Amino acid sequence: MPDRDALARLRCTAALLACTPTLSARLRWDDRVVLEILRPPHPERDHAVLPPCWFRAFLADAMRNGMPGELLERERIERILACAVDLGTRQGAEVLPGDVARFPVGGTWMHLLAVSSPVEDVRPIVRAAAERGAGDPDDPMQVLGLHVAADLEVTVLSLGTHQRIEDSGDAAEVLRDVAMQVAIQRFERQLAAVADHPAAGRED
């Protein structure tokens, strides 16, 4: 079985790349790029390149079958899962701390952050954040939103702001806080599952 944490990181990367053409990603083993994910056209590379849709299909196959299928050779799977993931940007996009992607849309900045949980788990947390004042319900560009990548079991959080540094920092912090709450919820459920079935928590 693929390492769950590594697979979750790659699933989140695939979902982010699907949301905006201004992002790309490199999977790096030490200092060597193993795989790059970006939209064509692009110059020739001396390493493997996949378009985001193929990368997403590769990971969705791993979700369904427990092991990626034929899109990439199986002997490369362990190395890919152990790779560092570097997000790349263009056309004014940036990656802020905590893997919050920010890119310009008209006169606003849109912020995105992917979490490795299905939308039904994320929606109540987002609703609670909105009730505490996150975003601006009267401005369509500043509503705390959700984008579903059901095949990856990933939810992408979105929040727009005016193009002011202080607004952008607040938006990024809101998304990071929601992501932390999602992670806490997931961890608590895992603990509860182990408590209910102690044998499931033991390693051979």
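Side notes on the structure shown:
- Applying the criterion of at least 1 residues that are modelled with pLDDT under 90, within 24 Å of residue 111 (Cα to Cα) and among the charged types (D, E, K, R) to the helices (runs of 4 or more DSSP H) found wholly in the range 1-89 leaves 4-19.
- Inside the range 90-111, residues that are part of a strand (DSSP E or B) and among the basic types (Lys, Arg) make up a count of 1.
- Entry remark, the range 158-173: residues being buried (at least 16 other Cβ atoms within 10 Å of the Cβ) and not in a helix (DSSP H, G or I) number 4 in total.
- Cβ-Cβ under 6 Å pairs, at least 6 apart or on other chains, the range 87-104 side loosely packed, with under 15 Cβ neighbours inside 10 Å, far side among the β-branched types (Val, Ile, Thr): 90/22; 91/22
- Contact annotation: residue pairs with Cβ atoms under 7 Å, 6 or more positions apart or on different chains, pairing a residue in the range 144-157 that is in a helix (DSSP H, G or I) with a partner that is modelled with pLDDT of 90 or more, are 152/11; 152/14; 152/15; 152/56.
- Considering residues of the range 146-204 that are of a type in the set (Gly, Ala, Ser) and closer than 19 Å to residue 133 by Cα only, the residue modelled with the lowest pLDDT: 168
The values are calculated or read from the model by the stated rules, or taken from the named source; none is laboratory data. It should be emphasised that the depicted structure is a prediction, and the values quoted were computed from it without experimental measurement. As a convention, Cβ positions derive from the backbone with ideal geometry for all residues, glycine included, and neighbour counts pool all protein chains shown.
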